[in-house]
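What follows is a single structure, written as structure tokens, with notes after it.
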Amino acid sequence: MTRRESLARARATRRSRARARHDATRARARATIDRARARPMGSLTCARANGVAIGRRWATRDGRASVARAGKGEDVRARIEALRAENERLKAEVLGLKGDKVRSSAEGGVSPARTVEALAMDAERATTTTAAPAEAEPAAEPVVATAFLGDLPSAYEGESEYGAAAKAAAVRAEAEKEEAAEAEAEAPAEAPNTAMFAEELPERPTPQVTTKRAPVEKTEKPMNIVFVSSEVGPWSKTGGLGDVCGALPQALVERGHRVMVIAPRYQNGTKSDALYDGALDTCTKANVGCFGGLQEVGFFHQIKHGVDYVFVDHPSFHRKGSLYGDSFGVYGDNQFRFTLLAHAACEAPLILPFEGCGGHYGQDVVFVANDWHAGLVPVLVASKYRPHGVYKQARTICAIHNIFHQGVEPSTTFPNLGVPNEWYGALEYQYPQHMRAHALDEGRVVNILKGAIATSDRVLTVSKGYAYEITTPEGGKGMEGLLLSRANRLDGIANGIDMDEWNPEADPDCAAPFSVTDLSGKLECKRALQKELGLPQRDDVPMMGFIGRLDWQKGPDLLQQALHDMMREDVQVVMLGSGLPELEDFMRWAESTYKDKFRGWVGFSVPMAHRITAGCDILLMPSRFEPCGLNQLYAMRYGTLPIAHATGGLKDTITPHNPFGDANKVLAGTADMEKGEGVGTGWLFKDMNSDALMWAIRSACDVYRTDKKFWKAMQTQAMTQDLSWDNAAKKWEQVFEWSKVDPPHCG
Ligand code: ADP
């Protein structure tokens, strides 16, 4: 049988299987629809396909109230029939709308005024969505677009007719994808291996550089610096770590240092893979000894803004899902993946030739090991290299961006790490009695961050406040004792921001440019955001935003607690984030309950983050702890005043509202901040409860409504701060120099 025949046969088999699956799903969908029709209304149902929310249906609170009343004596069946008729009417109304346009709530519609096309475009721009929007089911099922992006909990699927329809659409899309893949396989010469790049490239325009910055002071002692990190923006980013490792190295290069950043080369089969197109294979391989053998890793290299970005290549970094996990949870082999990264990073300065662009970095380097993912670097330098005379001049800095994550695995995994046996003690950690599982559990683990703190030459965190907090039992997460013992080598430096990426004067994602001297564009951004979200377009209402991971650290549950109080105020709230399913559901519920005031966007969307930062008046950051926090810095640059919990970096970077400040002087640029003439740049609340949050919100709204001049003065003070990396880079450089003065801490 020829290759073409065998391909044809395989294709036919796959098609018939896909068709069978499709038919079965349609049958299930029909059955679900019939069951749903036979059921009284009373719940919110929604569904999505391939990243785009495609359906949602409400039985209103009126509906529920009606059923309850009916139970008290009316004819229940008649009420149910009435509700069903009302539902049919709503469906017909929605279907009657042309071009998939959904009526705005102002017109009495049931969902935000957004179009399916707009959602599809947003989905394409959202960095984490992986597949193209699936086609919606035929018109028999009404499709109501919502502002949501992100996965629904599976409990919704199958329960809803839309869920079943979405599944059918997904099956069809899958079958089409298979066909496309086969077509590619048949014509390898024209489209070689395009499966990983099947989607369009990201279309985010490059920000223009308009900010005039003071010339950067050059260092007198240029160093070779090697950042090792699990993420680096824009190639890979899930939070602030990616931002820092993307921007700080550039600021250090501007000061005259030679800087390399080493991170994994992630490939997940989506359009984001194309970000690595500019990185070329160095054809240099390293065989690193760990996990019971020699593992071969490759290195890709790209120079950007003078920084050498090196991407470590290994099949374990190529998989669908995000950097650290997928819908099934955190990857089980993260210890393996980041052990590889650390070993590869230790080899890179010695083996990468960088011919024609400076040559080897050599042994006289400063390693910056960011978080636990790079935490083995100081351990390896101390245990594997220095005892053999290598990296004697090198110094290692352990940079803690979040002490919550420590890279903890059972102690039996120690032999896998490729660290000499006699160094077990450096990584060993024993949980206190109350954290052990049972009487025989000794609580012994290997803790990679602990190893990094113990063996590095200096420890750095991302704000002074956090540097103190991690030496306390409340903030140290078990590391406080060790950190206290190293307190004389522990510093905190607040992050800066990328002034080109976050520049209100030239932000390609925003509706209009603005600056501290002309804030009219900010109002346009607010109007555009309200329009995009389908909120009433009002200039006078304070608009508040939240951007961040939906988890315990960031405190979205505090917003949940305070929601009803917040909604009693004349405000608008928009939340952007993804994370815990129950909090994603809360956002969906809040939007359906407070249609004129609340919008929730489940997902990760950098353009949306820019638009919220520019369009809102207030940014909410109720983080329980915050090593530094970047969103409040971005917000202040955009004249959006933060309301934040007084913790860590938030406390360090936000100047609290000072009602005694002199607005006139601040506006004229003559205020003496030392004398207390400053007006502040935001609000800080001390207690982590909804009363404290509401106090800050009411205070902010009061100033917003009643004292426009004071508000503008606060915006001016916020926007004129020096938030650039130049300042921070100088301080980092100082710590590197100090580390060189001292002898190595270990090894
Ligand atoms: P952390 O690193 O703890 O997550 P930071 O405030 O230091 O928090 O940094 C968060 C970064 O991630 C910011 O650049 C923020 O804009 C971005 N971010 C967080 N959540 C989202 C989201 N859902 N969509 C887009 N960007 C997000």
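The values are calculated or read from the model by the stated rules, or taken from the named source; none is laboratory data. These numbers come from a predicted model, not from an experiment. Cβ atoms come from the backbone with ideal geometry, glycine included; neighbour counts cover every protein chain shown.
Annotations for the structure displayed:
- Members of segment 672-701 found to be of a type in the set (D, E, K, R), in a loop (DSSP other than H, G, I, E, B) and without any contact (Cβ under 8 Å) to a residue 24 or more places away in the chain, listed by number: D672, E677, D687
- Residue within segment 579-595 that is out of contact with any Ser or Thr (no Cβ under 6 Å at 6 or more places or on another chain), within 11 Å of the ligand (Cβ to nearest atom), in a loop (DSSP other than H, G, I, E, B) and not hydrophobic (A, V, I, L, M, F, W, C) present: no
- Residue check for A263: within 23 Å of S578 (Cβ to Cβ) and either part of a strand (DSSP E or B) or not assigned by TED's automatic domain parsing to the domain that holds V408 (or both): yes
- Filter result for E442 (surrounded by 12 or more Cβ atoms within 10 Å (Cβ to Cβ) and among the acidic types (D, E)): no
Matching residues to (1) in contact with a Pro (Cβ under 7 Å, 6 or more places away or on another chain); (2) among the hydroxyl-bearing types (S, T, Y); (3) farther than 15 Å from A426 by Cα; (4) assigned to a helix (DSSP H, G or I):
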site	(1), (2), (3), (4)
I453	no, no, no, yes
Y468	no, yes, yes, yes
T471	no, yes, yes, no
E474	no, no, yes, yes
L482	no, no, no, yes
N488	no, no, yes, yes
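- Residues satisfying the stated conditions in segment 494-506, i.e. out of contact with any Cys (no Cβ under 9 Å at 6 or more places or on another chain) and part of a loop (DSSP other than H, G, I, E, B): G496, D498, M499, D500, E501, W502, N503, E505, A506
- Of residues in segment 596-651 being of a type in the set (D, E, K, R) and more than 10 Å from the ligand (Cβ to nearest atom), the one surrounded by the most Cβ atoms within 10 Å (Cβ to Cβ): R599
- Residue that is in a helix (DSSP H, G or I), within 16 Å of the ligand (Cβ to nearest atom) and crowded, with 22+ Cβ neighbours inside 10 Å, where the choices are L576, L529: L529
- Segment 267-296, residues that are under 12 Å from V310 (Cα atoms) and either surrounded by 19 or more Cβ atoms within 10 Å (Cβ to Cβ) or in contact with a Pro (Cβ under 9 Å, 6 or more places away or on another chain) (or both): A279, T282, T284
- Here E409 does not fit the description of being among the acidic types (D, E) and in contact with a Gly (Cβ under 9 Å, 6 or more places away or on another chain).
- Positions within segment 652-667 being surrounded by fewer than 24 Cβ atoms within 10 Å (Cβ to Cβ) and away from the ligand (no atom under 16 Å from the Cβ), in sequence order: T655, P656, H657, N658, P659, F660, G661, D662, A663, N664, K665, L667
- Test: G321 is exposed (fewer than 13 other Cβ atoms within 10 Å of the Cβ) and either farther than 19 Å from N370 by Cα or in the same structural domain as V261 (by TED's automatic domain parsing) (or both): no
- Pairs, first more than 16 Å from R549 (Cβ to Cβ) in segment 322-336, second modelled with pLDDT under 95 and not in a helix (DSSP H, G or I), C-beta under 6 Å, six or more apart: Y331/G325
- Residues of segment 533-548 that are among the charged types (D, E, K, R) and either surrounded by 24 or more Cβ atoms within 10 Å (Cβ to Cβ) or touching a strand residue (DSSP E or B) at 6+ places or on another chain (Cβ under 9 Å) (or both): R538 alone.
- Being among the charged types (D, E, K, R) and surrounded by fewer than 17 Cβ atoms within 10 Å (Cβ to Cβ) holds for only one residue in K450, K477, and it is K477.
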